[in-house]
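*Asks:* Would you mind keeping the following structure in view while I ask a few things?
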Amino acid sequence: MKIRIKNKEKAILAKLYKEEYRVVAKQEDLGGGYSYLIFNENLQEMLLKDNAVEIIDDDMSDMIQRNDLWYGRNFYVNELLVNLLQLEPGSHISIGHIWPASKAFRYFEKYNYEIPDHYKNTALNEKYKMNLIEGFLMAINPYIERKFIGGNYFESFEFYKGKAVFEIELKLGESLTELDVVEYKDLLKSFIEKYLHGTQHNEENSKMFAGTFFVLIDSFFIYDITRIFSYKTFYNNCFVVEHQNEYYYLNKFWWG
């Protein structure tokens, strides 16, 4: 489905310069009309009332009806995008955070959106994402280490891109095990939650931190993950993800 904005002067004031825009979602208003959600030139979400636009392509074959996402009212949304963003009742379409911005790229790619520089420099920039994780770990690792104060044993996390698993030469006592890639999400979350915790009374904070850590890591994986592995040495316990022929290591290591 595509729309055109009727008033060109208002469109220019809103920095909407294109002749037509693809509709991401069509939602019923309380008054009975409809509003249309689009992504503008900066890939920001914009909602336009039906009296401000004209429909120039009414093909909705790539949309599905998901009234549960709009308080029971009629709501039609692009099927690919709703799956990429894993939208659930109570959630809405927004790519303001690094995770949904990254996951939405396959939608933008499929429909040939022009990708602005700020999006390339964030959602498509692994160095930017690595910096986010490094900053997160600067706060989280001391949080984890607090429970070991007074002893000679400590645990920390690190995240990095490493060698291909087939290049790993196992030494005595080390192991490399392929895991079920279908279980990737649950296994990675469990791995993080097992080690990212402080003292018992901080359990609520620990769950919040673990959720944040998961989405920061998962934002790297725009396309389907190929394989996942568990790689263990004396000091290291790694969760390894193979994605686009590259290997990402989440390592829980101990020292002391």
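*Asks:* Has the stretch 72-83 got at least one residue that is at pLDDT 95 or above and open to solvent by 60 Å² or more (accessible area, probe 1.4 Å)?
*Replies:* The answer is yes, given that some residue of the stretch 72-83 is at pLDDT 95 or above and open to solvent by 60 Å² or more (accessible area, probe 1.4 Å).
*Asks:* Another one. Identify all residues within the stretch 2-15 that are open to solvent by 10 Å² or more (accessible area, probe 1.4 Å) and either touching a residue at least 24 places away in the same chain (Cβ under 8 Å) or not charged (D, E, K, R) (or both); write none if there are none.
*Replies:* Of all residues in the stretch 2-15, those open to solvent by 10 Å² or more (accessible area, probe 1.4 Å) come to 2, 4-10, 12-15.
Within the stretch 2-15, K2, R4, I5, K6, N7, K10, I12, L13, A14, K15 qualify.
*Asks:* In the stretch 183-211, how many residues are surrounded by fewer than 14 Cβ atoms within 10 Å (Cβ to Cβ) and either at pLDDT 95 or above or within 14 Å of the chain's Cα centre (by Cα) (or both)?
*Replies:* Number satisfying all stated conditions: 4.
*Asks:* Collect the residues in the stretch 15-44 that are touching a strand residue (DSSP E or B) at 6+ places or on another chain (Cβ under 8 Å), over 12 Å from I55 (Cβ atoms) and part of a loop (DSSP other than H, G, I, E, B), keeping them in residue-number order.
*Replies:* Within the stretch 15-44, L16, E19, V24, D29, G33, N40 qualify.
*Asks:* Given the criteria in contact with an Asp or Glu (Cβ under 8 Å, 6 or more places away or on another chain), more than 28 Å from A123 (Cα to Cα) and open to solvent by 20 Å² or more (accessible area, probe 1.4 Å), does I56 qualify? Let's see the steps before the verdict.
*Replies:* Working: in contact with an Asp or Glu (Cβ under 8 Å, 6 or more places away or on another chain): yes; more than 28 Å from A123 (Cα to Cα): yes; open to solvent by 20 Å² or more (accessible area, probe 1.4 Å): yes.
Yes: the conditions hold for I56.
*Asks:* Would you be able to tell me the number of residues in the stretch 84-105 that are of a type in the set (G, A, S) and open to solvent by 50 Å² or more (accessible area, probe 1.4 Å)? Lay out the reasoning, then the answer.
*Replies:* Filtering the stretch 84-105 down to residues of a type in the set (G, A, S) leaves 90-91, 94, 96, 101-102, 104.
Checking which are open to solvent by 50 Å² or more (accessible area, probe 1.4 Å) leaves us with 90, 96.
Number of matching residues: 2.
*Asks:* Being exposed (fewer than 15 other Cβ atoms within 10 Å of the Cβ), in contact (Cβ under 8 Å) with a residue 12 or more places away in the chain, assigned to a loop (DSSP other than H, G, I, E, B) and not polar (S, T, N, Q) is the filter here; which residues of the stretch 148-169 pass it?
*Replies:* Listed by number, the residues that qualify are G151, Y153, K163, A164.
*Asks:* Against the conditions (1) part of a helix (DSSP H, G or I); (2) more than 15 Å from the chain's Cα centre (by Cα); (3) buried (at least 17 other Cβ atoms within 10 Å of the Cβ), where does F214 fall short? Just the number, please.
*Replies:* (2)
*Asks:* Moving on to the next point. Which number in (1) assigned to a loop (DSSP other than H, G, I, E, B); (2) surrounded by 15 or more Cβ atoms within 10 Å (Cβ to Cβ) marks the one condition that L250 misses?
*Replies:* In the conditions (1) assigned to a loop (DSSP other than H, G, I, E, B); (2) surrounded by 15 or more Cβ atoms within 10 Å (Cβ to Cβ), L250 misses (1) alone.
*Asks:* Given the criterion within 22 Å of T122 (Cα to Cα) and in contact with a His (Cβ under 8 Å, 6 or more places away or on another chain), identify the matching residue among F221, F159, F214, F209.
*Replies:* The match here is F221.
The values are calculated or read from the model by the stated rules, or taken from the named source; none is laboratory data. Predicted model only: the values in this text are computed from it and were never measured. Please note: Cβ atoms are built from the backbone with ideal geometry, for glycine as well, and neighbour counts cover all protein chains shown. The protein model used for the area step is the full one, side chains on, heavy atoms only, and it has no ligands, DNA or RNA in it. Shrake-Rupley method; radii C 1.70, N 1.55, O 1.52, S 1.80 Å.
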